Amino acid sequence: HSSQRLHFPAIVTSWPPSRVGTREALASTPPLRPSLSGQSGSILLNRERRGSLSSHGRLYGNVGGARRKMAAPVAAAEPEACGGPQPPVCLLVLGMAGSGKTTFVQRLTGHLHSQGSPPYVINLDPAVHEVPFPANIDIRDTVKYKEVMKQYGLGPNGGIVTSLNLFATRFDQVMKFIEKAQNISKYVLIDTPGQIEVFTWSASGTIITEALASSFPTIVIYVMDTSRSTNPVTFMSNMLYACSILYKTKLPFIVVMNKTDIIDHSFAVEWMQDFEAFQDALNQETTYVSNLTRSMSLVLDEFYSSLRVVGVSAVLGTGLDELFVQVTSAAEEYEREYRPEYERLKKSLASAQSQQQKEQLERLQKDMASVALDTGTATDSLSPVLDPSDLILTRGTLDEEDEEADSDTDDIDHRVTEESHEEPAFQNFMQESMAQYWKRNNK
């Protein structure tokens, strides 16, 4: 066994959230050695405990992840022979509360481990008590969900949104871990919160989705509860939500109809492929919603034509082989259609930023030139070259207007004041002169 500690200097020293944790067991470890029993080696990660560095420290968990053992084949740690390692495919698992997302991720993790291709697993649900799969990165090690609710006075959904926002501010660190793990893992599984709207319609969800899609092939998997979609109105609600997520994320999309061990998903596939069959099912509904659903089914017909649908049982593990066939097809679609678009957006953004910087520089140069010109003109006008005679003749009168404007005694009549001082002085002079005259005459 080997022990590996992970450090986050950028997070610990400069971010107010003082501690960030991750269950990082595969990203930066050397190739594994077979154990004495002939089985693959395992990675053991020690939990590193550090004190709080800020007043908000108790919101955040300990650096490092939980103690965990994960087996991986030796060959998985070596780069591919030709062309270097391929970027992993990110599977972003979304779905309504109770649709079976976490159980589905657990089944996918076990399936990939059995195939000798361990995935890189990320848990983004801060409110879950336990996860039934070994998570490489767990948001609960980073943000204390209940402390967020207490300190900010939030409810459950507000606490989840705030926790995700705090986690998203350092998602670049997660991206680096995923890049390091591409030598080992072909797939990245991301489990999202149970409240789907918290992730899909929040700023943090958009940041995380776009960050992944800009660097790795990213596929959105929408998990749907088949047993609760036997009603055509409920089925249409699920499809509308799936359609909104598709057009919001603009990424390859797969609808996974979960819980096929309870009821087969063939009825839903028939409704999507046969408009008349769906209309017959709607005829049994007599509410006004059925009329709206009937109209919406015509709108979604184009949506159905290009949609990938797979029936899966997360409990029994059926349908996973067909799912990965669709995942491969979706990854090829990403490379063919989505990556060029993201590259184009990157270039346009870079050119827009450079153009903006250029305009700001030109504006700054113009402002500096105008300021220099104004300063020179003002200096010439206020400081003319004066002869000594001019200085003598104008002494005491140069900045007379400024002195009058800046004086604190503008309400005083200086001429009256001077005359009031001159009159008694003149009288004294005359009296002294007369006294001297009479002295001389008396002598």
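The values are calculated or read from the model by the stated rules, or taken from the named source; none is laboratory data. Worth saying up front: this structure is predicted, and the values here are computed from it rather than measured. When we count neighbours, we look across all protein chains shown, and the Cβ atoms used for this are built from the backbone with ideal geometry, even at glycine. All accessible areas refer to the heavy atoms of the entire protein, side chains included, with ligands and DNA or RNA removed. Shrake-Rupley method; radii C 1.70, N 1.55, O 1.52, S 1.80 Å.
Annotations
- Restricting attention to the stretch 107-142, the residues that are among the hydroxyl-bearing types (S, T, Y) and open to solvent by less than 10 Å² (accessible area, probe 1.4 Å) total 3.
- Qualifying position, being farther than 18 Å from E341 by Cβ and at pLDDT below 90, among I207, I190, I196, I221: I196
- Residues within the stretch 93-106 that are within 11 Å of P132 (Cα to Cα) and surrounded by fewer than 23 Cβ atoms within 10 Å (Cβ to Cβ), tallied: 3
- Residue in the stretch 143-150 that is in a helix (DSSP H, G or I), free of Cβ contacts under 8 Å to residues at least 40 places away in the same chain, surrounded by fewer than 16 Cβ atoms within 10 Å (Cβ to Cβ) and out of contact with any Lys or Arg (no Cβ under 7 Å at 6 or more places or on another chain) present: yes
- Flag if I178 is open to solvent by less than 10 Å² (accessible area, probe 1.4 Å), among the aliphatic types (A, V, I, L, M) and within 16 Å of the chain's Cα centre (by Cα): no
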